[in-house]
Amino acid sequence: MLKIDDRLRGRDFISIHDFTVEEIAYILEVGHGLKKMQKEGVEHHYLKGKTLGMIFQKSSTRTRVAFEVGMYQLGGHALFLSPRDIQLGRGETIKDTAKVLSRMVDGIMIRTFAHEEVLELAYYADVPVINGLTDLLHPTQIIGDLMTIQEHKGALKGLKCAFVGDGNNVAHSLLFGGAKVGMDVVIATPPGFEPNSEILAKAKEDARATGARLWVVNDPKEAVKDADIVYTDVWASMGQENEAEEKEKSFWPYQVNAELMSLAAKGAIVLHCLPAKRGKEITDEVMDGPQSVVFDQAENRLHAHKAIMAVIM
């Protein structure tokens, strides 16, 4: 059996920034170990008898399935809580919700809009809280991404990852992730869509420990040149659907297509956190092509989420 120690037990998982270089390496190690056990059919009920409450203010495919299946494979139970199912959707405060759930479950995962809601939930909860996504950050996604890059590229340190698209929650957490593992990350966005400057500054502080280079450009070709990983996401995130048509005018030059990929390093891989708007931020040719590891990446959400739950719960 894989040994899971107590070093992170009871911690919240809200941002990769909150963890040390060694702690992120440990979570990735546990993720790979749990994946190996699952593939070999080895029982790994580290959370037997435990329950995860899952609050979904935003809809989801990969996040919900990964946490729900993950808890089952870890021997526990996941409870899906939509705004229609709980009083939070009818005006009950986050504080009261946190206090009630803490007396009934062993951990809480929340996927919501405002990042402040996750911080408030964690402040009042007496059990670990996991950030399943906010408009600011998507840390659980990046743990799965780093696992995928490790599987296909080996060591993470010294690689160049180019994120092409909106400076959104995925880009923010990717900056934090790159900083913790020593992977260079360049974000290419149209002018006015750059990542949050405070996030970039914090990530650069983290990067001092690993030597990772983090920067932002407006030219997608400059970003992708000699990149080992090319990463993209939808141009309009969930909740921004009314902006999609207007944003497309700025983002068409940022499409990840065969022409753009020709500038990347030999053997470069392509990531997309999904769901994809095929024919917009990424072409079918690239997404279904030999460089794409998009579905390996999606599968690794399961193993990454299991690792996060196992080490903190």
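The values are calculated or read from the model by the stated rules, or taken from the named source; none is laboratory data. What you see is a predicted model, and the numbers here were worked out from it, not measured in a lab. Every residue, glycine among them, receives a Cβ derived from its backbone with ideal geometry; neighbour counts consider all protein chains shown.
Kindly indicate whether any position in the stretch 246-265 is of a type outside the set (Asp, Glu), surrounded by 15 or more Cβ atoms within 10 Å (Cβ to Cβ), at positive phi and assigned by TED's automatic domain parsing to the domain that holds Gly192. No. For Lys48, the conditions (1) assigned to a loop (DSSP other than H, G, I, E, B); (2) buried (at least 17 other Cβ atoms within 10 Å of the Cβ) are fulfilled apart from (2).
Per-residue answers, yes or no, for (1) in the same structural domain as Gly89 (by TED's automatic domain parsing); (2) in contact (Cβ under 8 Å) with a residue 12 or more places away in the chain; (3) more than 30 Å from Ala209 (Cα to Cα); (4) not in a loop (DSSP other than H, G, I, E, B):
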residue	(1), (2), (3), (4)
Arg11	no, yes, no, no
Ile24	yes, yes, no, yes
Glu29	yes, no, no, yes
His32	yes, yes, no, yes
Lys35	yes, yes, no, yes
Gln38	yes, yes, yes, yes
Lys58	yes, yes, yes, no
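Is it the case, given these coordinates, that Gly158 is assigned to a loop (DSSP other than H, G, I, E, B) and either closer than 25 Å to Pro253 by Cβ or at pLDDT below 95 (or both)? Considered against the rule, which asks whether it is assigned to a loop (DSSP other than H, G, I, E, B) and either closer than 25 Å to Pro253 by Cβ or at pLDDT below 95 (or both), Gly158 comes out as no. The single residue among Asp166, Asp96, Asp126 that is within 25 Å of Gln240 (Cβ to Cβ) and not in a strand (DSSP E or B) turns out to be Asp166. Entry remark, the stretch 258-272: residues being within 17 Å of Leu146 (Cα to Cα) and more than 24 Å from the chain's Cα centre (by Cα) number 0 in total.
Results for (1) part of a loop (DSSP other than H, G, I, E, B); (2) of a type in the set (Phe, Trp, Tyr); (3) modelled with pLDDT under 95; (4) out of contact with any Asp or Glu (no Cβ under 7 Å at 6 or more places or on another chain), shown as yes or no for each residue.
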site	(1), (2), (3), (4)
Lys180	no, no, no, no
Gly192	yes, no, no, yes
Val216	no, no, no, no
Ala223	no, no, no, yes
Met238	yes, no, yes, yes
Lys247	no, no, yes, yes
Leu263	yes, no, no, yes
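Scanning for something touching a helix residue (DSSP H, G or I) at 6+ places or on another chain (Cβ under 8 Å), at pLDDT 95 or above and among the basic types (Lys, Arg), does the stretch 97-108 turn up at least one residue? Yes.
Criterion first (outside any helix (DSSP H, G or I), under 22 Å from the mean Cα position of the chain (by Cα), outside the structural domain of Leu133 (by TED's automatic domain parsing) and surrounded by fewer than 16 Cβ atoms within 10 Å (Cβ to Cβ)) does Pro275 satisfy it? Spelling it out, Pro275 is indeed outside any helix (DSSP H, G or I), under 22 Å from the mean Cα position of the chain (by Cα), outside the structural domain of Leu133 (by TED's automatic domain parsing) and surrounded by fewer than 16 Cβ atoms within 10 Å (Cβ to Cβ).
Residues that are in contact with a strand residue (DSSP E or B) (Cβ under 9 Å, 6 or more places away or on another chain) and in a helix (DSSP H, G or I) were ranked within the stretch 280-295; the one that is farthest from Tyr254 (Cα to Cα) is Val294. Does Gly91 qualify as being surrounded by fewer than 19 Cβ atoms within 10 Å (Cβ to Cβ), modelled with pLDDT of 95 or more, at positive phi and small (Gly, Ala, Ser)? It is false that Gly91 is surrounded by fewer than 19 Cβ atoms within 10 Å (Cβ to Cβ), modelled with pLDDT of 95 or more, at positive phi and small (Gly, Ala, Ser).
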